[in-house]
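*Asks:* Sharing a structure below in structure tokens format, with a few things to ask.
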Amino acid sequence: MDADAIKRCLEGSGLRCTPQRYAVMAFLMECNRHPTAAEIFAAVNRVDPRSSRATTYNNLRDLVRAGLVREVAVEGRAARFDAKGTRHHHFICDRCGNVEDLEWFDVPRPASGSLGKRLLRECELIFRGLCTKCAVRDAKRGRRDCKNGKTGMDS
Ligand SMILES: [Zn+2]
Ligand SMILES: [Zn+2]
């Protein structure tokens, strides 16, 4: 996405396109790793050392509120952020905390009766387990432990 598109995207959501806000958005759009707020600050700060941590975090919060950035909560770890415009689900690795995108498919919505007066905005899924890297490592260790008569569960 080019600079003009990011500017239009911000202004279309009622946000002023300040240099710091632009920097946060631009970094998130080219980053596929779902960075934490601290990683976003580090990246923005490398480009423009004048931007403070507070400004970066405030901008991030504004972008989440405006619906341009998605916050992915990872229990026990720092939240991760994602500015990918298309809908997708997430897979979170129990072991390394890696957050990966999974292709979108429709998920059943709760019966309207169970929602009461709540207004539903989005239904998305979080899958949990082991990412490819950790699963491979696990399988290797499992084989070795089997030879030693262990189950592979006691690491
Ligand atoms: Zn992993
Ligand atoms: Zn994502």
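*Asks:* With a 10 Å Cβ neighbour count serving as the proxy for reagent exposure, in which order, fewest first, do Cys31, Cys96 appear? List each step's numbers first, then the result.
*Replies:* On the way: Cys31 16, Cys96 12.
By the 10 Å Cβ count, ascending, the order reads Cys96, Cys31.
*Asks:* Longest exposed-loop-site-free stretch of the chain, with trypsin sites (Lys or Arg not before Pro), DSSP loop and at most 15 other Cβ within 10 Å?
*Replies:* Numbers: sites that count: Arg16, Arg33, Arg50, Arg77, Lys84, Arg87, Arg95, Lys117, Arg118, Arg121, Lys150.
Here the longest run is 122-149.
*Asks:* Once you mark the chymotrypsin sites (Phe, Trp or Tyr not before Pro) that are in a DSSP loop and have at most 16 other Cβ atoms within 10 Å, what is the longest gap between them in the chain? Mind dumping the intermediate values first?
*Replies:* Details: sites that count: Trp104, Phe105.
Formally, the longest exposed-site-free interval is 1-103.
*Asks:* Between Ala73 and Ala5, what is the label-to-label distance in nm when each label sits 7 Å out along the Cα-to-Cβ direction?
*Replies:* 3.2 nm
*Asks:* So, one more: Can you figure out the FRET efficiency of Thr86 with Leu119, using R₀ = 22 Å and their beta-carbon distance, to the nearest 0.05?
*Replies:* Details: r = 23 Å, r/R0 = 1.04.
Approximately 0.45, to the nearest 0.05.
*Asks:* Along the principal axes of its C-alpha atoms, what lengths does the chain span, in descending order and rounded to whole Å?
*Replies:* 62, 49, 26
*Asks:* Which residue, Leu102, Cys9, Cys131, has the largest displacement toward the positive end of the dipole of the chain when charges sit on each Cβ (Lys, Arg +1; Asp, Glu -1)?
*Replies:* Value computed over the given set: Cys131.
*Asks:* Could you check what % of the DSSP bridge pairs in the chain are antiparallel, to the nearest 5? List each step's numbers first, then the result.
*Replies:* Numbers: 9 of 13 bridges.
Taking every DSSP beta bridge within the chain, about 70 percent pair in antiparallel fashion.
*Asks:* Please get the size of the charge dipole for the chain, origin at its Cα centre, with Cβ charges of +1 on Lys and Arg and -1 on Asp and Glu, quoted in debye to the nearest 20. Could you put the intermediate results ahead of the total?
*Replies:* On the way: 29 positive and 20 negative charges, 97 e Å.
Dipole size: approximately 460 debye.
*Asks:* May I ask which residue of Tyr22, Ala83, Ile40 lies farthest towards the positive end of the charge dipole of the chain, with charges of +1 (Lys, Arg) and -1 (Asp, Glu) on Cβ and the Cα centre as origin?
*Replies:* Ile40
*Asks:* Would you mind computing, in nm to one decimal, how far apart the modelled labels at Asp48 and Asp106 are, each placed 7 Å from Cα along Cα→Cβ?
*Replies:* 4.2 nm
*Asks:* Could you bin all the Cα-Cα distances of the range 1-83 into 5 Å bins starting at 0 and give me the percent of pairs in each, rounded to whole numbers?
*Replies:* Result, from short to long distances: 3, 16, 30, 26, 19, 5, 2, 0 percent.
*Asks:* Taking only Cα atoms and a 10 Å spring cutoff, compute GNM fluctuations for the chain and point out the largest among Asn98, Asn32, Asn58.
*Replies:* With Cα springs under 10 Å in the chain, the top fluctuation among Asn98, Asn32, Asn58 is at Asn58.
*Asks:* Give me Val44, Val136, Val64 sorted ascending by neighbouring Cβ count inside 10 Å, so fewest comes first.
*Replies:* Values: Val44 26, Val136 11, Val64 16.
Going from least to most buried by this count: Val136, Val64, Val44.
None of the figures in this text is laboratory data; all of them are computed from the coordinates on show. Please read all numbers here as calculations on a predicted model, not as lab measurements. Ideal geometry is used to build each Cβ from the backbone, glycine not excepted, and the neighbour counts take in all protein chains shown.
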